[in-house]
Structures are given as C-alpha cells and as structure tokens.
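Accompanying notes for the structure given below.
Where a number appears in this text, it was derived from the coordinates with a stated rule and is not lab data. All figures in this text were calculated on a predicted structure; none of them were measured in a lab. Heads up, the Cβs are rebuilt from the backbone with ideal geometry, glycines too, and the neighbour counts pull from every protein chain shown.
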C-alpha cells in the first residue's frame, strides 16, 4: 500500500504538470519574468499563505498526531513579507485575483469540514519549493536581484532543500492517517493545483507586457 506522499505525487501528476506549463511558470523557466508579474504573483501568494498557514497552525495544534509535522523554517509567510518589502510593495489592500479568492475560500471551507485536506494544499506549496530552488537563479538574473533579497519565497532553504523535503515526506508518511483522511488530502491537493494554475494565469494576463511595448 503506497504511503500518502506517494499517492499525492502519483495521483496529482497531471494537474502538477498543467500548473508547471502555465505561461508565468514558463517565463521563470526561461529567465524572462517581468518585474510587475513577479511582484504581483508574490502578492497573491501572500494572501493565500496568510490564510493557509494560519489554518495549518491551528490544525497541527489540535491534532496530537501532527505535532512537529511542520518546522518553523517551513513557514513561507515571513519570506513573502521580506520579498514584498524588498520591492516596496504594500501588504495591505491587495486585491485577490479570482483564482486566489477561490483558493482562499477552498482553504476556509476545508478548515471547517475535512480539515486534514489542508495538508494536501500544504503539500502543493511545500513541494513547489523543489522546482523553485532551480528557478531562483534564473529569476535573480532576470530581475538583477542581489543575493536572496526578493527571492526568499522561491528558495528559502538553499542547499538544504532536498534534505528538508525528504524529512517532511518521512514525517508525513509516519502519521497513521485513515483512508478517508488520505482521500481528503488528495482532494485538497488537486484543488490547490487547479487554483494555483488559475492564479498564475490571472496574474500573467493582468501584468505581462508584449515585447513590443516594453521600455
């Protein structure tokens, strides 16, 4: 019987691939991300993480099985705050895109229903650090970022990324989740991948400038 982390990987593979092929993600892969697009994406992620991390903290505090599951260094909200501050972007008054609003509503509904589904949402963002670790140098080069300033969200762990991800997978697989809880996590992860792709498309369509109009 596969563990929950293998199920999350295998059963969300198609949605994961869809999210990775969005134009915003591909612009980062090519090292062609525009500053307005990058900062707006950080702002939307800030809104999502603010809600998700609050609910995950409450979930871990209420379920003894989850004690120590998420390490302090895994929280991304401080990194998003530092990145937005680097660009002088205000953290108040951010208008959520349709995708961000739908994901936040999903997080809230899950927290009041199948609360273990939140771990599926968290899995999507925690796992995204693996690819982002390799994208970070391209983004830094494209935006001429000094060191990690402005890109802490993309690469919070640096050389420790693989180590921390492996440890997180082990902690998740060590929890005795019921079949129903595993199914809830899968639903949470699938929804998160869909809404993250929608956020990327929202941000890209609202901010990208055609090559001919760039100055």
> What does region 105-185 give for Rg and for Dmax, in Å, if only its C-alpha atoms count?
Replying inline: 15.9, 47
> Quick one: helix 179-207 against the long Cα principal axis of the chain, what's the angle to the nearest 10°, folded into 0 to 90?
Replying inline: 10 degrees
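Taking neighbour Cβ counts within 10 Å as the exposure measure, how do 200, 63 sort from fewest upward?
Values: 200 25, 63 14.
Fewest-to-most ranking of 200, 63: 63, 200.
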>> Here are a few candidate values for semi-axes √(5λ) of the Cα gyration tensor in Å: (i) 24, 20, 19; (ii) 43, 23, 16; (iii) 29, 18, 17. Which one was actually calculated from the structure I just gave you?
In response: (iii)
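Rounded, prolate or oblate: which fits region 1-101 when a ≥ b ≥ c are the square roots of the eigenvalues of the alpha-carbon gyration tensor, with rounded for a/c under 1.5 and prolate only if a/b beats b/c? Spell out each step's value before the answer.
Details: a/c = 2.25, a/b = 1.24, b/c = 1.81.
Here region 1-101 falls in the oblate category.
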> Using the beta-carbon distance between residue 187 and residue 207 and R0 = 35 Å, what value does 1/(1 + (r/R0)^6) give for FRET efficiency, to the nearest 0.05?
Replying inline: 0.70
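Answer rounded, prolate or oblate for region 57-106, using the Cα gyration tensor with square roots of eigenvalues a ≥ b ≥ c: rounded when a/c is under 1.5, else prolate when a/b is larger than b/c, else oblate. Let's see the in-between values first.
Details: a/c = 3.62, a/b = 1.52, b/c = 2.38.
Oblate is the answer for region 57-106, as a/c is 1.5 or above yet b/c matches or exceeds a/b.
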